[in-house]
Every structure is written in C-alpha cells, then in structure tokens.
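Working notes, beginning with the structure itself.
Each value in this text was obtained by applying a stated rule to the coordinates, not by laboratory testing. All values reported here derive from a predicted model rather than from experimental measurement. Positions of Cβ are backbone-derived with ideal geometry, glycine not excepted, and every protein chain shown enters the neighbour counts.
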Amino acid sequence: MKDIPLHHHGILSSRLAIGCMGFGGSWDEAEPYTLEHMKQLEAVVDAALSIGINFFDHADIYTRGKAERMFGELLAAKPSLREQIFIQSKCGIQLADEALPVRYNFSKSHIVASVDGILNRLGTDYIDLLLLHRPDPLMDPEEVAEAIELLKKSGKVKHFGVSNMHSAQIEYLRSATQEPFIVNQLHLSLAHRHFLDQELLINRNEGGAVSFDPALMPYMQQQRIQIQAWGPLAQGRYTGASRPDATEADLLTARYIEQLAQQKETSKEAILLGWLMKHPAGIQPVLGTTNAARVLACQDAERQAELMTREEWWSLYAAASGTFQPVILP
Ligand SMILES: NC(=O)c1ccc[n+]([C@@H]2O[C@H](COP(=O)([O-])OP(=O)(O)OC[C@H]3O[C@@H](n4cnc5c(N)ncnc54)[C@H](OP(=O)(O)O)[C@@H]3O)[C@@H](O)[C@H]2O)c1
C-alpha cells in the first residue's frame, strides 16, 4: 500500500475510509433508528473490514447524533472492534432549530462539551481524530488551543485536524498551538474538480469562476496534512445513480467510466476513485455509501489508481469538465 500522510503521524489507516453520515435513519431527532438500520451498518462495517478498511468518519451532527449512537451500539456488541479501527469525528457545527440558524462554534466550552457527547454516544474513552468541521469566523485560536490541550491531556482525543479550511485558516489556528493539524477533509471528486481547476486555469479567462484556495494543495502536501475527500462517489453521478440534474458531460463521463471498467475488468467505482487517488497527495476518499455491496465495489480503487495512465486520467478530467468527448466504443 502506498504511504499516505496519516502514516507519518502514526495512524496506520487504510487508503479508503467509510463515512457514516448516512447511518442513523432520518435527520429527524425524534425518529428512532430501526433494527434494519443496525443490520445495514453492521453489513457495511463487516464489508469494510473484509477488504482492509479500518477508518471510520463521523460527526456529532450526523443524523443528529444517531449515527454515532448506532456505531456505539455496534462497538458495545463487538468490544474487540474498537482496537482494530480508527474513529474520527467532527464538531463545530450547530444545526438550525426553531429559534436559531445554523452556526459554527469553535469556543472552548463547545468543543470540549461536543467531545464528551461524541464519546458518550460512541461508548468509547477516546477518539483517534477530532476535526473542526467548518471554519468559525468568530474563532479565537488561543481558545481552540486550550480546548485541544485539555482534550489531548485527558486522552480523550489522540490527534486533531480540520475540514473545509484553506491554508491561511490552518496557519492561523496553528499559531496558537504546538499540536499539528494532520487532516483537512474537503469536497473533492471528479464532479468537484476545483482543486485542479485552480491550478490548471491560472492565467486563463475560464479561471474567473474558480473558487478554491490556490495554495491549499501544495500547502497540505508540503505539511504532510492528510487530504480526505468527502463526496468522492459524487453521489453516484457517474456510476449508475439516476440524477435529474445530469448534464451531457456527466452522461458521457459515466459511459467512459463504464467502458474503462469493462476494459480493466473492474468496477465503475474503482475507476472513479482511482482517478482521485492517482493524485500524488495521497488523497483518502471517505465513502458515504450505506450499501455493503458498494463498499466491496470500491476495493480495487488503489490498484486502479496505479494502473491508470496519464492519458486516461486527463481524458476523465476533460470529459467531466465538458471540454472533451472520449470515444465510446459500440
Ligand atoms: N466534512 C464535511 O463537511 C462533510 C460533508 C459531507 C460528507 N462528509 C463525509 O463524507 C462522507 C461521504 O460523503 P457523501 O455521502 O456526500 O458522498 P459520496 O460518497 O459521494 O456519496 C454517497 C451517496 O451516494 C449514493 N450512491 C453512490 N453511488 C451510487 C449509485 N451507483 N447509485 C445510487 N446511489 C449511489 C450512496 O447511496 P448508497 O448509500 O445507497 O450507496 C450515498 O447516498 C460522508 O458519509 C461523511 O462522512 C463530510
């Protein structure tokens, strides 16, 4: 397996991770999850473990805490599981309610209380990684640093990271703490290509619409920050989901992916993820599927990243961008 930045920080994580946002049933707090939901989670965890995936991504807000609670039930039923896996969760987003809008909160009291909630729902003494979910414009790095120090000293959190942040925000947070931020989780996929567009469209008219921190990719590569991709399956846009908003470019890219998958005797998911994983940053896709069969369909992704030619990689990028029409064989 190719080394990824997480390994340099002592976390022997798999290349792929499972995102747990889809578990817990609905986002309605009052609606409980069912036995069927539990079985679905168990099947996904079993499928993941069977192909070597040992990294699970949570957030305190997913299905309003129910995803973590379900996962905690699974850990309680299989106590040996905790030591076999890495658990990451996130805090810092407060969901809207009748009285207040959605807001981000990096205050010390909120971060510390959020971690207690996470540990309580998961039924574990520690999490391997805590990410600050989305940048809080009112954040005070000194206060964040105090929270981090407290959580580290208590053993409740082993490592820290961020999500959806640009390089200046990470540097600002780092100015107050010795603790490294070892992950940045971002929306990246063949359908969400801003991280490449920013580099490729520099000094070109089409570059005007691109919104991505131009320094972010090289910064994270230099600093050995693990880039995690959320939304890596593009919600099935290229692998068989029927999407009412699909464009001509999406449909053609989907056919091209299918053709590549047939030629290479692999799955469409492996081609799609292989494209992302070919990037030298060692991007770790966080798979949002709740379907055990789809987890297994992703197994060959790392190998496909290695096998993918430069020509195929560029053709996929250009096809998804709508600037190139790959030849589809009859
Ligand atoms: N840091 C952040 O701000 C942030 C934001 C969003 C998500 N996340 C994390 O990233 C993970 C993944 O994100 P995501 O769920 O948005 O993205 P994803 O992995 O791109 O998409 C997963 C969704 O697409 C569906 N899907 C995939 N292939 C399909 C196909 N061929 N046909 C039909 N449906 C298909 C899945 O359905 P099935 O379940 O049926 O497979 C699931 O609903 C989340 O679980 C969460 O852990 C982080």
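What's the Cα-based Rg to Rh of the chain, Rh via Kirkwood? Walk me through the numbers before you get to the answer.
Working: Rg = 19.9 Å, Rh = 20.7 Å.
Radius of gyration relative to Kirkwood radius: 0.96.
Using square roots of five times the C-alpha gyration tensor eigenvalues, list the equivalent-ellipsoid semi-axes of region 230-315 in whole Å, biggest first. Walk me through the numbers on the way to the answer.
On the way: eigenvalues 65, 52, 32 Å².
Its equivalent ellipsoid spans semi-axes of 18, 16, 13 Å.
222 nm [θ] for the chain, helices only, -39500 (n - 2.57) per DSSP H run of 4+, per residue, to 500? Don't skip to the end; give the middle numbers.
Values: 14 runs with 137 residues, N = 330.
Calculated at 222 nm, the ellipticity per residue is -12000 deg cm²/dmol.
Counting alpha carbon pairs within less than 8 Å and at least 6 residues apart, what relative contact order, in whole percent, applies to the chain? Could the numbers behind the result be given before it?
On the way: 600 pairs, mean separation 57.3, N = 330.
Rounded, it is 17 percent for the chain.
Neighbouring Cβ atoms within 10 Å as the yardstick, rank K152, K2, K66 fewest first.
K2, K152, K66
Given contacts defined as C-alpha pairs under 8 Å and at least six residues apart, what's the relative contact order of region 273-330, whole-number percent? Intermediate results must be reported in sequence, preceding the final value.
Values: 35 pairs, mean separation 21.7, N = 58.
Contact order relative to length: 37 percent.
Need one word for region 178-252: rounded, prolate or oblate. Basis is the Cα gyration tensor (sqrt eigenvalues a ≥ b ≥ c); a/c below 1.5 gives rounded, then a/b vs b/c decides. The partial results should precede the final answer.
On the way: a/c = 3.53, a/b = 1.43, b/c = 2.46.
It comes out oblate by the Cα gyration axes.
Have a look at the DSSP beta bridges in the chain and tell me what percent are antiparallel, nearest 5.
Working: 3 of 30 bridges.
In the chain, approximately 10 percent of DSSP beta bridges are antiparallel ones.
Please report the relative contact order for region 91-148, taking Cα pairs under 8 Å with a sequence separation of at least 6, and give it as a percent rounded to a whole number.
Details: 60 pairs, mean separation 25.6, N = 58.
Computed over region 91-148, the figure is 44 percent.
Along region 316-330, what does the Karplus equation 6.51 cos²θ - 1.76 cosθ + 1.60 (θ = phi - 60°) give for ³J(HN,Hα), rounded to whole Hz, x for Gly and Pro?
Using θ = phi - 60°, the values come out as 5, 4, 6, 5, 5, 6, x, 10, 7, 10, x, 6, 9, 6, x Hz.
Could you sort out which of K108/K152; K39/K78; K2/K153; K39/K268; K66/K268 sit more than 24 Å apart by Cα distance in this structure? Working shown, then result.
Values: K108/K152 13 Å; K39/K78 14 Å; K2/K153 32 Å; K39/K268 26 Å; K66/K268 31 Å.
Beyond 24 Å between Cα atoms: K2/K153; K39/K268; K66/K268.
What net charge is computed for the residues neighbouring I53, neighbours being all others with C-beta under 12 Å from the C-beta of I53, Lys and Arg scored +1, Asp and Glu -1? Provide the component values of the computation, followed by the final result.
On the way: positive: R15; negative: D46, D57, E302.
Charge balance in the 12 Å sphere: -2.
How large are Rg and Dmax for region 58-197 when calculated on the C-alpha trace, in angstrom?
Using the Cα atoms of region 58-197, the pair Rg, Dmax is 15.4, 46 Å.
Which peptide among 53-63, 284-294 comes first, and what is the full order, when sorted by highest mean count of other Cβ atoms within 10 Å? Provide the component values of the computation, followed by the final result.
Details: 53-63: 22.6, 284-294: 19.9.
Listed from highest to lowest mean packing, they are 53-63, 284-294.
Within a Cβ distance under 15 Å of R243, other residues only, what is the Lys/Arg minus Asp/Glu net charge?
Working: positive: R237, R255, K268; negative: D245, E248, D250.
Local net charge: 0.
What net charge do the residues around K78 carry, taking every other residue with its C-beta under 13 Å from that of K78, with Lys and Arg at +1 and Asp and Glu at -1?
Details: positive: R82; negative: E42, D46, E73, E83.
Summing Lys/Arg as +1 and Asp/Glu as -1 gives -3.
Kindly identify region 267-330 as rounded, prolate or oblate by the Cα gyration tensor criterion: order the square roots of the eigenvalues as a ≥ b ≥ c, call it rounded if a/c is under 1.5, otherwise compare a/b with b/c, prolate if a/b is larger, else oblate. Don't skip to the answer; put the middle values down first.
Working: a/c = 1.95, a/b = 1.48, b/c = 1.32.
It comes out prolate by the Cα gyration axes.
Tell me the Kirkwood radius of region 92-132: reciprocal of the mean inverse pair distance over distinct alpha-carbon atoms, in Å.
Values: mean 1/r = 0.0882 Å⁻¹.
Result for region 92-132 stands at 11.3 Å.
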